[in-house]
Amino acid sequence: MARKAFIAGNWKMNMTVASGTKLITELKPLVKEAKCDVCLCVPAILIPAMTKAAKGSKIKIGAENMHWAASGAYTGEISADMLKDYGVKYVIIGHSERRQYFGENNDTVNQRTLAALKCELTPIVCIGETLSERSAGDTEKVLSRQLEFGLHGVEDVKQLVIAYEPVWAIGTGQTATDEQAQETIKFIRKKLSKMFNVKDANRVRILYGGSMNAGNCKGLMAQPDIDGGLIGGASLKLDFAKIVNFDK
């Protein structure tokens with residue numbers, strides 16, 4: 001079965017109700033013929049307003065993070081059920097910035113992933129190596145560890161999305177070459193085949209998440225194992241539509 005392409009934006013800590021609504025309103029007619037799935041993961045406080053803005057369009061609204069507990073004394077955190085109340089389907093788990101600045105690790109990524117799946121949310125699980133790890137030749141070792149620990153206990157791998165985001169290419173303007181991205185994502189799919197089975201691994205959508213933009217998306221999306229992109233800076237502009245329409 002062919003995997004449907006998936007372009008997901010990650011607004012990070014950007015936009016307001018006014019600017020976000022304006023962008024989505026302008027994007028809607030530009031992506032109405034999109035053949036891929038389209039999602040914008042936005043700050044939690046903007047989810048209700050952006051859901052309203054995106055109503056009736058191809059654009060789904062997702063979340064940037066969630067806690068693993070259903071409820072409790074976790075000041076400032078947001079649960080899966082809270083996200084579901086607003087119709088959220090997708091949630092980013094384990095983004096490199098969460099790992100770098102907020103202490104996320106493979107264990108907490110695993111707990112969040114299992115909690116998302118339990119509540120029928122689709123986790124976009126992020127993995128990736130740093131520049132020093134790639135330079136040392138440890139890319140496959142790092143990614144294997146992130147997959148083994150982060151997906152421990154997952155019963156149906158088809159229910160999630162993997163985003164390969166080389167840390168050295170996030171927000172730096174650097175991008176892995178088409179060949180580098182394909183080679184690494186091919187390895188990820190092979191690793192998933194060993195952890196689960198070949199059939200299910202071949203159905204998992206794996207995104208590239210390292211400075212994909214309107215200029216390089218066609219080459220990346222032409223690779224056989226790359227099923228889409230997790231888009232940062234370019235998702236804050238109308239250029240996002242050009243990435244969504246990569247096949248035109």
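Every number in this text was worked out from the coordinates using simple rules, so none of it is lab data. Note that the structure is predicted; figures quoted are calculated from it, not measured. Reconstructed Cβ throughout: ideal geometry from the backbone, glycine too, with neighbour counts over all protein chains shown.
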Considering Cα pairs under 8 angstrom that are at least six residues apart, work out the relative contact order of segment 90-232 and quote it in whole percent.
22
Most positive-pole-ward Cα, A222, L27, L117, against dipole of the chain from beta carbon charges:
L27
Computed magnitude of the charge dipole of segment 90-232 (debye, nearest 20; Cβ of K, R +1, Cβ of D, E -1)
260
Let's test the formula: R0 of 30 Å, r as the Cβ-Cβ distance of T177 and D107. What FRET efficiency results, to the nearest 0.05?
0.40
Just tell me which aspartates and glutamates come within less than 13 Å, Cα to Cα, of K158; anything on the same chain fewer than 8 places away is out.
E120, D200
Report, in whole Å, the centroid distance computed from the Cα atoms of segment 1-46 and segment 94-171.
22
Report the extension gain between E77 and K52 in nm, rounded to one decimal, defined as 0.36 nm multiplied by the number of residues separating them, less their alpha carbon distance.
6.7 nm
Ordered by fewest other Cβ atoms within 10 Å, a rough proxy for footprinting exposure, R98, R3 read R3, R98
If each residue of separation counts as 0.36 nm, what is the full-extension length gain between K158 and L131 once their alpha-carbon separation is subtracted?
6.8 nm
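How far, in nm, would the chain grow between F149 and Q100 when pulled straight, counting 0.36 nm per residue and subtracting the alpha carbon separation?
That works out to 15.9 nm of additional length.
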Exceeding 26 Å between C-alpha atoms, which entries from my cross-link table qualify? They are K84/K218; K52/K89; K194/K218.
K84/K218; K194/K218
Point-to-point label distance, T25-D200, nm (Cα→Cβ direction, 7 Å offset):
4.5
Per DSSP loop assignment and a cutoff of at most 12 other beta carbons within 10 Å, the chain keeps its longest run without exposed GluC sites (Glu not before Pro) at 156-248
Normalised by the number of residues in the chain, what is the relative contact order in percent for Cα pairs under 8 Å and 6+ residues apart?
21
Helix-only mean residue ellipticity at 222 nm for the chain, each DSSP H run of n ≥ 4 adding -39500 (n - 2.57), per residue, nearest 500
-10500 deg cm²/dmol
Length-normalised contact order for segment 20-76 - Cα pairs under 8 Å, 6+ apart - percent
38
If R0 = 25 Å, then R3 and D85, at their Cβ-Cβ distance, give a FRET efficiency to the nearest 0.05 of 0.25
